[in-house]
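Right, one structure below, let's go through it.
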Amino acid sequence: MSDHPGRQSSSALHVLQVSAELFPWLKTGGLADVTGALPGALAPYGIELRPLVPGLPVFLKAVTDRCFVAKVETPWGDALEINRVQFESSRFGWAYVIVAPQLYERGGTPYEDDDKQAFGDNHRRFAALSWAAMSLGQGLDPAWSVSLVHAHDWHAGLTALYMKVYRSHVWPQVPCLLTIHNLAYQGLFDAKHLSELAIPQDCWHMDAVEFHGQISMLKAGIAYADAISTVSPRYAREILEPDQGQGLHGFLRLHADRLIGLLNGIDTNTWNPAKDPLIEKSYQATNLAAKEQNVLALQSILGLEPRTTGPRCAVISRLTEQKGLGLIVEAAETMIQSGAQLVVLGSGDETLKRQFDALHARFPGKVNFRSGFDEHLAHQIIAGCDVILVPSRFEPCGLTQMYGLRYGCLPFVHLVGGLADTIKPWHFGKDDALHPDDLSNGFGFERDSSESFLQCWHEMMMCWHDRPAWQKLQKRGMSLALGWDVAAANYAALYDRMISSAAHKH
Ligand code: ADP
Ligand code: GLC
């Protein structure tokens, strides 16, 4: 396989990955971690997975080498220039970027301006991503013909629709997989944009694009993709129920035969306490004592008291309703009374920021809140804490609990979605000689309530005071295989099934 953006590659299976985020260049959450890891994870299966991303400033800044592929004009008149590029410090070779300054070259996040307002032309910005994906899927780049398109989240939701509606009759049918990372974000836009986005009138009904009178890009993806995946098996089941279905459970049930839950892995090179350049002192399960140096370093960075009698607890999270952080605000006093410390790193909701600021002011030296997104500090926190709190109301997969496992920072989670699929809760009196096959690796509460949270907290404190039991959990978590191997094998098998089924239809 050639890593030069201008050269033809080998005969590997070619998968075009379509996403708005890609680690390490652009990340607002776990989506980037996943899209950044998949190319490397699938390479051993003979799958060449090439990302397609919008030409946002951070991506363009990271380009070290580029090669023009083609110009495309969207039906609504946006000129897109597709380039193959090499990104600085890429671990997977070249990628495609859409250069369209009028759509992408501006400040803010991929989705919002600096004042946290969604860009008024987001419908065009993301439809353009899908339009470019569809064009590449139909032979736009003669040097790299696509075998399958893998679209992520609502941002790429129209890809499958465009591929079906604007299918080229001279090009073999290329199947499209849609991965839903979070059903709560659906890409809803005013129905007046329908014809502007070249969505035919006959797609405008409740079994396709229409969602309560609006265009839903995610729903379009679900309706037209050849297969749909979510990022954990449990979440794939949960979204078929009203409670977690975000209004789409009925629609998803209609498509349940094409829906599969594949649990995410984590990048065990980036998240490896034995070789993490971002932390104070490397450590592993056999020298856990060295973790303490990371604890002291973190406390000193954040101005926390070095002496504690309880666990140092971490939150690294987007500050949104989804993450259930109100439970921590309510329990904070009890936690501090138990001798614990609390470190929160997060960006997002202003009310939650104010609440964590207030806790910081109320418990100086015991609580620290850092507002913002800081990859380096995230590593220092996971290495320097004993517990990672993930009390999410819903969680499609969740990655920080797995980072916690790897760093001997025990997860304390609400047992939903991917959290329930990755964390086996410890129970007092169970993890002993009588239960040698116990696989507990953290703590979990069943109900989304303060009572349930606190009950779990008190049980966790029993474990904390039983040092051998605590260390056993740490070591077990650190030895788990959390990498991408299993997920990559599952994706590879799914791609194969999709490609052979498309070939039969053709
Ligand atoms: P979600 O994608 O819903 O935000 P995940 O747990 O899947 O949740 O992924 C979150 C990712 O973003 C993790 O890699 C986590 O470390 C990172 N992250 C979240 N908030 C921050 C922050 N404020 N600073 C640094 N990293 C963060
Ligand atoms: C989403 C989900 C999160 C998941 C991540 C990566 O942002 O909220 O649970 O881990 O995507 O798939």
Determine the relative contact order of the chain: mean sequence separation of Cα pairs under 8 Å and six or more apart, normalised by residue count, in whole percent.
12
Theoretical ellipticity at 222 nm over the chain - DSSP helices of four or more residues, -39500 (n - 2.57) apiece, nearest 500:
-10500 deg cm²/dmol
Percent RCO, i.e. relative contact order, over region 285-479, from Cα pairs under 8 Å lying at least 6 residues apart:
21
Built amide H within the under 5 Å cut-off of Arg370, gap 5+
Val344, Leu345, Gly346
In whole Hz and in residue order, list the ³J(HN,Hα) couplings for region 373-380 that follow from phi through the Karplus curve 6.51 cos²θ - 1.76 cosθ + 1.60, θ = phi - 60°; x for Gly and Pro.
10, 9, 4, 4, 5, 4, 5, 5
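Could you sort the peptides 308-317, 447-456 by per-residue average Cβ neighbour count (10 Å cutoff), highest mean leading?
Result, highest mean first: 308-317, 447-456.
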Taking Cα pairs under 8 Å and at least six residues apart, what relative contact order does region 247-322 come out at, in percent?
12
If one computes P(r) from the Cα atoms of region 285-479, what percent of pairs lie at distances over 21 Å?
46
Computed lengthening from Leu439 to Thr334, 0.36 nm per intervening residue step minus Cα-Cα distance
35.0 nm
Roughly what would the spin-label model give for Lys116 and Asp65, points 7 Å off Cα along C-beta, in nm?
4.2
So which lysines can Lys275 reach, going by Cα to Cα under 18 Å and dropping same-chain residues fewer than 8 places off?
Lys291, Lys475
Percent antiparallel among DSSP beta bridges confined to region 1-112, nearest 5, equals 60
At 7 Å along Cα-to-Cβ for each site, give me the label-to-label distance between Ser168 and His212 in nm.
4.0
Of all DSSP beta bridges located in the chain, what percent are antiparallel, nearest 5?
30
From the phi of every residue in region 243-250, what ³J(HN,Hα) in whole Hz does the Karplus formula 6.51 cos²θ - 1.76 cosθ + 1.60 yield, where θ is phi - 60° and glycine or proline is x?
4, 10, x, 6, x, 10, 4, x
Diffing region 326-334: the Karplus 3J(HN,Hα) column from phi (6.51, -1.76, 1.60, θ = phi - 60°), in whole Hz with x for Gly and Pro, holds x, 4, 6, 4, 5, 8, 4, 4, 4
Along each principal axis of its Cα atoms, how long is the chain end to end? Whole angstroms, biggest number first, please.
69, 47, 47
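Read-outs throughout are calculated quantities, based only on the coordinates presented, and are distinct from any laboratory measurement. Because the structure is predicted, anything quoted here is derived from the model rather than measured. Here the Cβ is made from the backbone with ideal geometry for all residues, glycine too, and neighbour counts use every protein chain on show.
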